[in-house]
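The values are calculated or read from the model by the stated rules, or taken from the named source; none is laboratory data. For clarity, every value in this text was computed on a predicted model and none was experimentally measured. Neighbour counts are summed over all protein chains in view; Cβ atoms, including those assigned to glycine, are modelled from backbone coordinates with ideal geometry. Only protein heavy atoms, including side chains, enter the accessible area calculation; ligands, DNA and RNA are left aside. Shrake-Rupley method; radii C 1.70, N 1.55, O 1.52, S 1.80 Å.
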Amino acid sequence: MPLFIAGVFRDRGLADRVVTALLDGGVPSGEISLVVREEAEEDMRDRDDLGEETAFPGLAIHSAWERLGWAGGARPPYRDTVAPQIDWAVLAAGPIAVAIGGAQLGACSGGIVGSMGNFGFPLDLARQWYDSIHDGRAWVMVRTSEGQAAKARQVFEKYRPELHAESTRHW
């Protein structure tokens, strides 16, 4: 039965050390989730400040659509003309990224909060984690089994996450 261990770390640097320690401890990379706020998102907010006399506005708009995950034929025909409205962006990796389902499905699955809840964590805690990510902290989760959980627990104890929690799911 899968066991999920998660917590929020103060910044990307600490989260990087946690992920490295988990990998060094033998946790497969496919079992580690990470959600952080996109550092370059300010570039998307200030896109109106770019002048039309350069090629950069077109590249910035194209890049914004790419960040949303539009792939190949799924891109709308106006994608390089109208920039998507992005209030803030996150980077997600691991099982949480699969649970979110990409930009096209994220709204249907409840986005980050709904996906965290799908791993068995309480909705109120998922909302606190979401707020922490918005404030610049990093969220790390490990999918493991009770028999293999000792390694992950040791790493989490060493780096002392905020809002630490564990959840067991029957699927």
Condition set assigned to a strand (DSSP E or B) and out of contact with any Pro (no Cβ under 9 Å at 6 or more places or on another chain), scope the stretch 1-33, selection nearest to V142 (Cα to Cα): answer is I5
Filtering the stretch 138-171 for residues that are in contact with a Leu (Cβ under 8 Å, 6 or more places away or on another chain) and at positive phi leaves a count of 1
Scanning the stretch 121-167 for residues that are part of a strand (DSSP E or B) and either open to solvent by 70 Å² or more (accessible area, probe 1.4 Å) or charged (D, E, K, R) (or both) gives R143, E162, H164, E166
Selection from the stretch 21-35 of residues open to solvent by 10 Å² or more (accessible area, probe 1.4 Å) and more than 12 Å from Y159 (Cα to Cα) yields L23, D24, G25, G26, V27, P28, S29, G30, E31, I32, L34
Scanning the stretch 80-102 for residues that are at pLDDT 70 or above and among the β-branched types (V, I, T), the one most open to solvent (accessible area, probe 1.4 Å) turns out to be V98
